[in-house]
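Working notes, structure below.
The values are calculated or read from the model by the stated rules, or taken from the named source; none is laboratory data. From a predicted model like this one, the values you see are computed outputs, not experimental measurements. Cβ sites come from the backbone with ideal geometry, for glycine too, and all protein chains shown count toward neighbours.
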């Protein structure tokens, strides 16, 4: 936004006044009046005639110099008042007046001799106008009946014409069910949408995308045939859990009723921390459809067993068997055992400017699963990116557009272990035993997830995206707090929100910051 300072106007008023430097000058003048009759000749006459204009001229310059200083301070106070109002686009005129008054008065506490009148504040969606008048008492000009100098300052704040592309990457893991956190997050996110849309259903100046994440991300089953989906098993990780190696869509097609819910797996390193275009020429850049294998019927603690093994041998051999999928009935819901097990988050919402669609999508958020923060970051980035998978974002070098992301998590990166040959639940990074994260050790895997989080944060910021981070009701986990603080574009854009009310305040602050002003003198 643009702030334009208006012209400062000074005029003078004639009133009788005593006190201050004026009292001293008056005392000198009285002494001169007694002295002048005692002086003989032309020298006395000339001296008496010249003193008043001389004192008035020199003293008047001091009075006007003082008034100019006061005027500059008044202009600074008006700037502060206008900026304070401009950063809060979601307020009433009464609230705007109160905010302006506080900011204005806070900048004038040391100028007690200046008498200020009530501020004039007007607010429209496109323009904020703040006006102020004040009077400064004179010391020397009072000799000629000018007892005060009036000052007038006006400023106009023009809201920026820049457009906003914002993605909310929001934690949908199981821990969000506790303490009303999911309800609070939905409410705060909807408030932010309402603020930025400013009462419009389809504003031209703002688009918002949504990335609900847990241990995977749902991009939407409508993209099954998209060029960036690995539908043929080209990626090195597509089908790695089966023998013979069989791509995931082929296995689904062998079942009687199997369908892909829309979740995808993380790309192999280093592509999981970049926005590299997906292309068959580099198979590992393609996105592999999520497929949670049927786990063994017997032995160990296996949470996702949904078919008969149909073969004997080790647990690993029974799990790899592909024949059991032929003509099998499987569950397709994300909350049920089956190929989509734990693919429970609602689909990504690409950048749109339709408020009702965004509100409906936020209402569909569902808490289940574990925390893989890199997934929220990477898919938030892909939603903002002008390239595929999603292409709604404008070019990074578009100077009339601001790209921003809000990342919220209520927990640390997590690997959920299992006491079996897989060593973990199935996630977008597969089984821990397959070492997609470079290790089969749970603690080391968490460290690597943290490193990937930090790498993604730096890559996203390097792309020119404003990054806000929020840790929600996190307790005393300083590791993740420090990680999220460093992740943000600046420390002031990190919010540690231990309560539901403070979360709402954080979202309101972010909405105001996205509408912040550019000051032009």
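For the reader, a short list of remarks on this structure follows.
- Residue list for segment 292-326, restricted to those being within 22 Å of residue 438 (Cβ to Cβ) and surrounded by 21 or more Cβ atoms within 10 Å (Cβ to Cβ): 292, 293
- Residues of segment 217-252 that are surrounded by fewer than 18 Cβ atoms within 10 Å (Cβ to Cβ), out of contact with any helix residue (DSSP H, G or I) (no Cβ under 7 Å at 6 or more places or on another chain) and free of Cβ contacts under 8 Å to residues at least 60 places away in the same chain: 222, 225, 232, 245, 250.
- Set side by side, the residues 213, 197 differ, and just one is in contact with a helix residue (DSSP H, G or I) (Cβ under 8 Å, 6 or more places away or on another chain), assigned by TED's automatic domain parsing to the domain that holds residue 282, surrounded by 17 or more Cβ atoms within 10 Å (Cβ to Cβ) and over 21 Å from residue 345 (Cα atoms), which is 197.
- Per the listing 342, 375, the residue uniquely at positive phi, buried (at least 18 other Cβ atoms within 10 Å of the Cβ) and out of contact with any helix residue (DSSP H, G or I) (no Cβ under 7 Å at 6 or more places or on another chain) is 342.
- Among the residues here, residue 436 qualifies as closer than 26 Å to residue 405 by Cβ, touching a strand residue (DSSP E or B) at 6+ places or on another chain (Cβ under 6 Å) and crowded, with 19+ Cβ neighbours inside 10 Å.
- Unmet criterion (only one of (1) closer than 28 Å to residue 400 by Cα; (2) part of a helix (DSSP H, G or I)) for residue 181: (1)
- Evaluating residue 394 against the criteria (1) buried (at least 24 other Cβ atoms within 10 Å of the Cβ); (2) touching a strand residue (DSSP E or B) at 6+ places or on another chain (Cβ under 9 Å) leaves one unmet condition, (1).
- In segment 435-460, the residues that are without any contact (Cβ under 8 Å) to a residue 24 or more places away in the chain reach residues that are loosely packed, with under 15 Cβ neighbours inside 10 Å and in a loop (DSSP other than H, G, I, E, B) with C-beta atoms within less than 6 angstrom, at least six apart or across chains, in these pairs: 448/438.
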